[in-house]
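Below is one structure, written out as structure tokens, with a few remarks after it.
No value in this document is a laboratory result; all are computed from the given coordinates. Keep in mind it's a predicted model, so treat the numbers as computed, not measured. When we count neighbours, we look across all protein chains shown, and the Cβ atoms used for this are built from the backbone with ideal geometry, even at glycine.
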Amino acid sequence: MAKEINTIGVLTSGGDAPGMNAAIRAVVRTALANGKKVKGIRRGYSGLLEEDIIDMDAVSVADIIDRGGTILYTARCAEMRTEEGQQKAAEICKKHGIDGLVVIGGDGSFQGAKKLAHLGINTIGVPGTIDLDIACTEYTIGFDTAVNTAMEAIDKIRDTSTSHERCSVIEVMGRNAGYIALWCGIANGAEQILVTERYDHNENKIIDNIIEKRKTGKKHYIIVNAEGIGNSEILAKKIEAETGMETRATIIGHIQRGGSPTCKDRVYASTMGAKAVDLLCQGKSMRVVGYKNGEFIDYDIDEALAMKKDLDEYMYEMSKKLSR
Ligand code: ADP
Ligand code: F6P
């Protein structure tokens, strides 16, 4: 028989992402609508291990749907990777009456959620990361806002790059994932898009391409690169030295992680937060909420974590043709 949940805990973990607040709000209000108590766990698994746990009501999530970041704070927590840490976390949940838990974060956070589920706490993962690098879902909370923020910043850099007839090396976030770079590269009409998953580290090829493009009368040369491909400053210096084209590197940085979420991030994050609570209320555990083929769905956590994701090959090949 499905276990009945009385108190739902919610935490955000890993890198923050715009829309996490909308998800928290949806968790709290859906849980309350189902007659459950809600507890907010601050600073992810770190806060759980320190018992930084607060009661939440409908008012505690008022005025947050439009705010970036996470009102519950977030953290990375080494202790949660250990068996002792996981045992302690499960015991703390039980002590506070938390029998259902919604974990908003990335793959790493889902690993922690899975461990807690095995220790008797029903858990559901909600994908929250600007990187879009969770295999079981075509949408992750924060990606839409992050790419729009980066796109606007790159538009501005492009203006000055054109005026000065320069090359610009523009680094966007994504240590292990090139989705932000690929999307912005396409949206901003970059001459080169360098993504972690495909980069061959052949700088001479880039340099030859810049020289070729200049001959055709191109006034600027925009390179959008994912953070994971290497050092943008060094690449810019090399380009300037080898091509004679003035080159500047810009690291867009954490601006991509903040700001008011887009409509899509607010609505999808709200739907996913609500769905996570619905699953808990149905007695489910060890599930990850996702979005695929136009539908909000859920997967077994092991199945979700075993899935592999790669860039859309058609989009990647197309981006090369469009940047000619
Ligand atoms: P993300 O959730 O965005 O992938 P991390 O990989 O940094 O971010 O993971 C967030 C947190 O999840 C970690 O700091 C740790 O507390 C927890 N975590 C990560 N991997 C594991 C694991 N294998 N077992 C238990 N907890 C984990
Ligand atoms: O996972 C989200 C992300 O923003 C990555 O794109 C980036 O590599 C990393 O987090 C940066 O983490 P930190 O907040 O530790 O600088």
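Using the Karplus curve 6.51 cos²θ - 1.76 cosθ + 1.60 with θ = phi - 60°, work out ³J(HN,Hα) for each residue of segment 260-269 in order, rounded to whole Hz, and write x for Gly and Pro.
Running phi through 6.51 cos²θ - 1.76 cosθ + 1.60 with θ = phi - 60° gives 5, x, 5, 4, 4, 4, 5, 6, 5, 5 Hz.
Beta carbons within 10 angstrom, averaged per residue: use that to sort the peptides 129-135, 309-315, highest first.
129-135, 309-315
Please compute one quarter of the surface area of the Cα convex hull for segment 1-82 and express it in square nanometres. It would help to have the intermediate numbers written out before the result.
Working: hull surface 24.6 nm².
Averaged projected hull area, Cα only: 6.2 nm².
With the Cα gyration tensor of segment 263-309 in hand, give its eigenvalues times 5 under a square root as the equivalent ellipsoid semi-axes, listed largest first in whole angstrom.
On the way: eigenvalues 65, 50, 11 Å².
Ellipsoid half-lengths, sorted descending, are 18, 16, 8 Å.
Against the 2.2 N^0.38 Å scaling, with N counting residues, where does segment 30-75 land? I'd like the Cα-based Rg ratio to two decimal places. Spell out each step's value before the answer.
On the way: Rg = 11.5 Å, N = 46, 2.2 N^0.38 = 9.4 Å.
Scaled against compact globular proteins, the figure is 1.22.
Which whole number of Å³ per residue matches the convex hull of the alpha-carbon atoms in segment 145-257? Walk me through the intermediate numbers first.
On the way: hull volume 9.6 nm³, N = 113.
Normalising the Cα hull of segment 145-257 by residue number yields 85 Å³.
Mind pulling the angle between the C-alpha long axis of helix 83-95 and the longest principal axis of the chain? Nearest 10 degrees, somewhere in 0 to 90.
So the inclination is approximately 50 degrees.
Within 10 Å, count the other beta carbons around each residue, average over each peptide in 222-232, 160-170, 99-109, and list them highest first.
Details: 222-232: 22.6, 160-170: 19.2, 99-109: 26.5.
Packing order, densest peptide first, comes out as 99-109, 222-232, 160-170.
How far, in degrees from 0 to 90, does helix 313-322 lean away from the longest principal axis of the Cα atoms of the chain, to the nearest 10?
The helix 313-322 is inclined about 30 degrees to the chain.
May I ask you to derive the FRET efficiency for ALA241 and GLU152 from their Cβ-Cβ distance with R0 = 25 Å, giving the value to the nearest 0.05?
Efficiency, from the Cβ-Cβ distance: 0.25.
Using a Förster radius of 45 Å, what is the FRET efficiency between GLU83 and ALA187 based on their Cβ-Cβ separation? Nearest 0.05, please. All intermediate terms of the calculation are to be shown ahead of the outcome.
On the way: r = 45 Å, r/R0 = 0.99.
For GLU83 and ALA187, the calculated efficiency is 0.50.
Taking θ = phi - 60°, what integer Hz values does the Karplus form 6.51 cos²θ - 1.76 cosθ + 1.60 yield along segment 217-230, in sequence order, with x for Gly and Pro?
Karplus-based 3J(HN,Hα) across segment 217-230 equals x, 5, 8, 10, 8, 9, 10, 9, 10, 6, 3, x, 7, x Hz.
Using modelled backbone amide H atoms (1.01 Å from N, in-plane), which distant-in-sequence or interchain residues come within less than 5 Å of CYS167's amide H?
TYR221, GLU246, THR247, ARG248
What is the gain in length, in nm to one decimal, between THR162 and ASN34 on full extension, counting 0.36 nm per residue of separation less the C-alpha to C-alpha distance?
40.5 nm
Quick one: which of LYS94/LYS309; LYS95/LYS309; LYS237/LYS264; LYS114/LYS275; LYS36/LYS115; LYS292/LYS320 span more than 28 angstrom between C-alpha atoms?
LYS94/LYS309; LYS95/LYS309; LYS237/LYS264
As an exercise, take the mean of 1/r over every pair of distinct alpha carbons in segment 82-121, invert it, and state the Kirkwood radius in angstroms. Don't skip to the end; give the middle numbers.
Values: mean 1/r = 0.0983 Å⁻¹.
Radius from the Kirkwood sum: 10.2 Å.
May I ask you to work out the translational diffusion coefficient for segment 113-152 at 25 °C, viscosity 0.890 mPa s, via Stokes-Einstein with Rh from the Kirkwood sum over Cα pairs, reported in whole µm²/s?
210 µm²/s
Ignoring everything except DSSP H segments at least 4 long, calculate the 222 nm mean residue ellipticity for the chain; use -39,500 (n - 2.57) per segment, divide by total residues, nearest 500.
-13000 deg cm²/dmol
Using every alpha carbon pair in the chain, what percent of pairs falls into each 10 Å bin from 0 up to the bin containing the largest distance?
In order of increasing distance, the bins hold 6, 26, 29, 18, 13, 6, 1, 0 percent.
Quick one: if you stick a label point 7 Å off each Cα along the C-beta vector at LYS292 and LYS215, how many nm between them?
If labels sit at LYS292 and LYS215, their model points lie 4.8 nm apart.
Averaging over every viewing direction, what projected area does the convex hull of the Cα atoms of segment 22-138 cover, in nm²? Can you show the working numbers first?
Working: hull surface 29.2 nm².
Quarter of the Cα hull surface area: 7.3 nm².
How much of the DSSP beta bridge set in the chain is antiparallel, as a percent to the nearest 5?
Beta bridges within the chain, antiparallel portion: roughly 25 percent.
Roughly how many whole Å is it from the C-alpha centroid of segment 227-274 to that of segment 17-33?
27 Å
Show me the GluC sites (Glu not before Pro) within segment 47-94 that DSSP assigns to loop and that have at most 16 other Cβ atoms within 10 Å of their Cβ.
Qualifying residues, ordered by number: GLU50, GLU51.
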